[in-house]
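The block underneath contains the structure these notes are about, expressed in C-alpha coordinates.
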Amino acid sequence: LDVPEGGANGVIVAQGGAYGGWAVYVKDGRPAYCYNLFGLRRFKVYGGTEIPAGEHQVRVEFAYDGGGLAKGGTVTLYLDGKQVGEGRVDGTQPMIFSGDETTDVGSDTATPVSDDYNPQDSAFTGRIHWVQLDAGAGDNDHLISPEERLRVAMARQ
(Lines give C-alpha, C1' and ligand atoms only; values in the text may rest on other atoms or scores of the structure.)
Protein backbone atom coordinates (compact mmCIF):
# COMPACT_ATOMS: atom_id res chain seq x y z
CA LEU A 1 0.00 0.00 0.00
CA ASP A 2 0.96 3.61 -0.47
CA VAL A 3 -0.35 5.65 2.42
CA PRO A 4 -0.49 9.43 1.88
CA GLU A 5 0.57 12.06 4.41
CA GLY A 6 -2.24 12.33 6.95
CA GLY A 7 -3.02 8.60 6.77
CA ALA A 8 -5.46 6.40 4.91
CA ASN A 9 -8.78 4.70 5.43
CA GLY A 10 -10.96 2.35 3.44
CA VAL A 11 -11.27 -1.18 2.13
CA ILE A 12 -8.25 -3.03 0.79
CA VAL A 13 -10.15 -6.21 -0.16
CA ALA A 14 -13.62 -7.53 0.68
CA GLN A 15 -15.37 -10.81 -0.13
CA GLY A 16 -19.12 -11.15 0.37
CA GLY A 17 -21.37 -8.61 2.01
CA ALA A 18 -23.71 -7.77 4.85
CA TYR A 19 -24.98 -11.35 5.14
CA GLY A 20 -21.62 -13.08 5.22
CA GLY A 21 -18.07 -12.35 4.18
CA TRP A 22 -14.74 -10.92 5.25
CA ALA A 23 -12.86 -7.69 4.69
CA VAL A 24 -9.37 -6.30 5.19
CA TYR A 25 -9.44 -2.54 5.56
CA VAL A 26 -7.93 0.48 7.26
CA LYS A 27 -9.93 2.23 9.99
CA ASP A 28 -8.67 5.33 11.75
CA GLY A 29 -5.31 4.72 10.09
CA ARG A 30 -4.91 1.20 11.54
CA PRO A 31 -5.20 -2.15 9.74
CA ALA A 32 -8.44 -3.97 10.44
CA TYR A 33 -10.18 -7.26 9.65
CA CYS A 34 -13.84 -8.21 9.92
CA TYR A 35 -15.39 -11.66 9.52
CA ASN A 36 -19.15 -11.43 9.08
CA LEU A 37 -20.94 -14.65 10.02
CA PHE A 38 -24.29 -14.72 8.16
CA GLY A 39 -24.94 -11.09 9.12
CA LEU A 40 -25.62 -12.30 12.66
CA ARG A 41 -22.22 -11.70 14.21
CA ARG A 42 -19.14 -9.75 13.21
CA PHE A 43 -15.71 -10.69 14.52
CA LYS A 44 -13.30 -7.77 14.27
CA VAL A 45 -9.57 -7.44 14.79
CA TYR A 46 -7.82 -4.07 14.83
CA GLY A 47 -4.12 -3.41 14.59
CA GLY A 48 -2.62 -1.51 17.48
CA THR A 49 -0.35 0.53 15.22
CA GLU A 50 -1.24 3.28 12.75
CA ILE A 51 0.16 2.85 9.27
CA PRO A 52 2.56 5.76 8.65
CA ALA A 53 2.83 7.59 5.33
CA GLY A 54 4.77 5.69 2.69
CA GLU A 55 4.80 2.22 1.16
CA HIS A 56 3.76 -0.65 3.44
CA GLN A 57 2.52 -4.22 3.46
CA VAL A 58 -0.59 -5.21 5.38
CA ARG A 59 -1.03 -8.96 5.79
CA VAL A 60 -3.74 -11.06 7.42
CA GLU A 61 -3.34 -14.70 8.33
CA PHE A 62 -6.30 -16.86 9.24
CA ALA A 63 -5.38 -20.05 11.11
CA TYR A 64 -8.42 -22.30 10.70
CA ASP A 65 -9.14 -24.58 13.65
CA GLY A 66 -9.83 -27.48 11.29
CA GLY A 67 -11.88 -30.57 11.94
CA GLY A 68 -14.66 -29.92 9.43
CA LEU A 69 -16.91 -27.17 8.17
CA ALA A 70 -17.82 -23.93 9.96
CA LYS A 71 -15.08 -24.08 12.60
CA GLY A 72 -13.41 -20.95 13.93
CA GLY A 73 -9.87 -19.72 13.79
CA THR A 74 -7.33 -17.15 14.85
CA VAL A 75 -6.77 -13.97 12.86
CA THR A 76 -3.38 -12.27 12.97
CA LEU A 77 -2.72 -8.82 11.48
CA TYR A 78 0.74 -7.81 10.30
CA LEU A 79 2.20 -4.48 9.24
CA ASP A 80 5.46 -4.78 7.29
CA GLY A 81 5.96 -8.29 8.66
CA LYS A 82 5.45 -7.32 12.32
CA GLN A 83 2.41 -8.61 14.21
CA VAL A 84 0.17 -5.68 15.19
CA GLY A 85 -3.06 -7.46 16.16
CA GLU A 86 -4.68 -10.81 16.87
CA GLY A 87 -8.21 -11.99 17.52
CA ARG A 88 -10.63 -14.87 17.42
CA VAL A 89 -13.33 -15.86 14.93
CA ASP A 90 -15.61 -18.30 16.73
CA GLY A 91 -17.22 -19.79 13.62
CA THR A 92 -17.10 -19.56 9.85
CA GLN A 93 -19.68 -19.75 7.11
CA PRO A 94 -19.56 -23.11 5.27
CA MET A 95 -19.55 -23.36 1.48
CA ILE A 96 -20.28 -19.88 0.03
CA PHE A 97 -20.88 -16.33 1.21
CA SER A 98 -23.34 -15.12 -1.40
CA GLY A 99 -24.51 -15.74 -4.92
CA ASP A 100 -24.61 -12.06 -5.81
CA GLU A 101 -21.83 -10.36 -3.81
CA THR A 102 -18.38 -10.13 -5.30
CA THR A 103 -14.77 -9.80 -4.29
CA ASP A 104 -13.85 -6.12 -4.33
CA VAL A 105 -10.41 -4.52 -4.24
CA GLY A 106 -10.14 -0.90 -3.11
CA SER A 107 -13.74 -0.54 -1.91
CA ASP A 108 -16.78 -2.59 -0.88
CA THR A 109 -19.28 -1.73 -3.60
CA ALA A 110 -22.43 -3.64 -2.68
CA THR A 111 -23.65 -4.33 0.86
CA PRO A 112 -20.81 -3.78 3.35
CA VAL A 113 -19.13 -6.70 5.11
CA SER A 114 -18.34 -4.53 8.14
CA ASP A 115 -20.42 -1.90 9.91
CA ASP A 116 -17.21 0.16 10.27
CA TYR A 117 -17.84 1.67 6.82
CA ASN A 118 -20.54 1.99 4.18
CA PRO A 119 -20.36 1.67 0.38
CA GLN A 120 -20.21 5.45 -0.02
CA ASP A 121 -17.07 5.89 2.10
CA SER A 122 -15.40 2.50 1.64
CA ALA A 123 -12.94 3.53 -1.09
CA PHE A 124 -9.32 3.21 0.02
CA THR A 125 -7.79 6.68 0.24
CA GLY A 126 -4.26 5.56 -0.56
CA ARG A 127 -2.98 3.36 -3.37
CA ILE A 128 -3.14 -0.43 -3.50
CA HIS A 129 -0.33 -1.97 -5.53
CA TRP A 130 -1.61 -5.55 -5.34
CA VAL A 131 -3.59 -8.04 -3.28
CA GLN A 132 -2.55 -11.65 -2.93
CA LEU A 133 -4.75 -14.44 -1.56
CA ASP A 134 -3.10 -17.73 -0.59
CA ALA A 135 -4.92 -20.87 0.47
CA GLY A 136 -3.09 -23.29 2.73
CA ALA A 137 -1.69 -26.13 0.64
CA GLY A 138 -2.45 -29.60 1.93
CA ASP A 139 -4.97 -28.35 4.52
CA ASN A 140 -8.10 -29.94 3.16
CA ASP A 141 -10.04 -31.02 6.25
CA HIS A 142 -12.51 -28.21 5.59
CA LEU A 143 -13.49 -29.76 2.25
CA ILE A 144 -16.55 -31.92 2.01
CA SER A 145 -17.13 -35.17 0.21
CA PRO A 146 -19.10 -35.25 -3.06
CA GLU A 147 -21.93 -37.01 -1.21
CA GLU A 148 -22.15 -34.24 1.41
CA ARG A 149 -22.02 -31.57 -1.31
CA LEU A 150 -24.97 -33.25 -3.06
CA ARG A 151 -26.92 -33.42 0.22
CA VAL A 152 -26.35 -29.69 0.81
CA ALA A 153 -27.31 -28.82 -2.78
CA MET A 154 -30.53 -30.86 -2.56
CA ALA A 155 -31.45 -29.27 0.75
CA ARG A 156 -31.23 -25.81 -0.84
CA GLN A 157 -33.85 -26.56 -3.50
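The values are calculated or read from the model by the stated rules, or taken from the named source; none is laboratory data. From a predicted model like this one, the values you see are computed outputs, not experimental measurements. FYI the Cβ positions are ideal-geometry reconstructions off the backbone, even for glycines, and counts take in every protein chain you see. Surface accessibility is based on the protein's heavy atoms, side chains included, excluding ligands, DNA and RNA. Shrake-Rupley method; radii C 1.70, N 1.55, O 1.52, S 1.80 Å.
Table for the structure above
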| quantity | calculated |
| --- | --- |
| Computed accessible area, ILE128, all protein chains, 1.4 angstrom probe, square angstrom | 40 |
| Percentage, to the nearest whole number, of Cα pairs in the chain over 22 Å apart | 42 |
| Total charge dipole magnitude, the stretch 33-75, about the Cα centre, Cβ charges on Lys, Arg, Asp, Glu only, Debye to nearest 20 | 280 |
| For THR102, distant residues with modelled amide H under 5 Å away | GLY16 |
| Those GluC sites (Glu not before Pro) in the stretch 1-86 that DSSP places in a loop and that have at most 12 other beta carbons within 10 Å | GLU5 |
| In order through the stretch 12-19: 3J(HN,Hα) via Karplus (6.51 cos²θ - 1.76 cosθ + 1.60), integer Hz, x for Gly, Pro | 8, 8, 9, 10, x, x, 5, 10 |
| Potential lengthening between ASP90 and LEU40 on full extension [0.36 nm per residue; Cα-Cα distance subtracted] | 16.8 nm |
| Degrees, to the nearest 10: 146-155 long Cα axis against longest axis of the chain | 90 |
| The stretch 40-123 - accessible surface per residue (Å², probe 1.4 Å) | 54 |
| Highest-MSF residue in the chain out of GLN15, GLN120, GLN132 [GNM, Cα springs under 10 Å] | GLN132 |
| Phi-based couplings in Hz for the stretch 25-36 (Karplus 6.51, -1.76, 1.60; Gly and Pro marked x) | 8, 10, 10, 6, x, 10, x, 8, 9, 9, 10, 9 |
| Global form of the stretch 74-113, assessed from the alpha-carbon gyration tensor, a/c cut-off 1.5 | oblate |
| Test item: Cα-centred dipole of the chain, Lys/Arg +1 and Asp/Glu -1 on Cβ, debye | 360 |
